[in-house]
Amino acid sequence: MYGVPESEAPEHDLPMPGARVLRRVHRHGTPAVSSRALLAAVADLELPGKRGLH
């Protein structure tokens, strides 16, 4: 599974099931609608080159 959970701050992070550790980003007061943190983190994901499940 690939993804980037976003929250206001680390104390707002929800537990995520599974063995893979996901990168998390935090807005720290920036409104979600104008936050660029999630966009940048998703753009930096290292995704596999093939389609399908890995």
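The values are calculated or read from the model by the stated rules, or taken from the named source; none is laboratory data. Here the structure is a predicted model, which is why all the values come from computation and not from measurement. Virtual Cβ from ideal backbone geometry, glycine too; neighbours counted across all protein chains shown.
Applying the set (1) among the small types (Gly, Ala, Ser); (2) modelled with pLDDT of 90 or more; (3) surrounded by 11 or more Cβ atoms within 10 Å (Cβ to Cβ) to Gly3 leaves exactly one unmet item: (2). For the stretch 14-29, does any single residue satisfy the condition of being assigned to a helix (DSSP H, G or I) and modelled with pLDDT of 90 or more? There is no residue in the stretch 14-29 that is assigned to a helix (DSSP H, G or I) and modelled with pLDDT of 90 or more.
Any residue at all in the stretch 39-54 that's surrounded by 14 or more Cβ atoms within 10 Å (Cβ to Cβ), outside any loop (DSSP other than H, G, I, E, B) and out of contact with any strand residue (DSSP E or B) (no Cβ under 6 Å at 6 or more places or on another chain)? The answer is yes, given that some residue of the stretch 39-54 is surrounded by 14 or more Cβ atoms within 10 Å (Cβ to Cβ), outside any loop (DSSP other than H, G, I, E, B) and out of contact with any strand residue (DSSP E or B) (no Cβ under 6 Å at 6 or more places or on another chain).
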